[in-house]
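Values in this text are rule-based calculations from the coordinates and carry no lab data. Predicted, not measured: the structure shown is a model, and the values here were computed from it. Quick reminder, even Gly has a Cβ in these numbers, built from the backbone with ideal geometry, and neighbours come from all protein chains shown.
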């Protein structure tokens, strides 16, 4: 969430400074809804009932406690902002994450991507523009354990305990078509490609495609 707060703070600041700097400047803030894709790496992790609990195991070898790891998917929520300093060139950043945890064998996990980009708009009119992005960032896979504890039969608690994060450097490119519904409100279908060093330790591949529908508001648009 610290990445989200940082992007919101940057966008808020730019919304006051950039439009005053140039009549052509534009600052956008957007919220996105989408998903990212990667297959399972077919690894296994033993659950809490095993003497090898939470350590790696081989699937389909007769280990009754061995649980397979999943592929990446599900719902991602995103926040982003960008500033177009000239009609064609600008910069921005975005973060997307899974609001809910998902099962990773006997563990729980949540995936986050963040990136900072240069932006080029080779084509734009008052109502539509093509946006190309390229930059760097990171990917964070957060792991936890869900535990149920009871005192007798009267009092039971359910707690999520963090067991660590796997952090990776990523390179990012993206392409989007921004459709301006009014002078300020827009929708933006976007396709992203993340190349994440070492991501195949958690999932199948270092290559992760992502699709997002952004809804946003523009400051400074004429």
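Listed values, structure above:
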quantity	calculated
Tensor-based shape of the stretch 86-201 (alpha-carbon gyration tensor, a/c under 1.5 rounded, otherwise prolate or oblate)	prolate
Gyration tensor (alpha-carbon) shape descriptor, the stretch 40-154, a/c threshold 1.5	prolate
Rough spin-label spacing in nm, given labels placed 7 Å along Cα→Cβ, for residue 175 and residue 140	3.1 nm
Inter-label distance, nm, simple model (7 Å from Cα along the C-beta direction), residue 63/residue 116	4.1 nm
Mean separation of Cα contacts under 8 Å (6+ apart) over length of the stretch 78-177, as relative contact order %	23 percent
Inter-site label distance for residue 40 and residue 124 at 7 Å from Cα along Cβ, in nm	4.5 nm
Net lengthening on full extension, residue 195/residue 147 (0.36 nm per residue, minus Cα-Cα)	13.9 nm
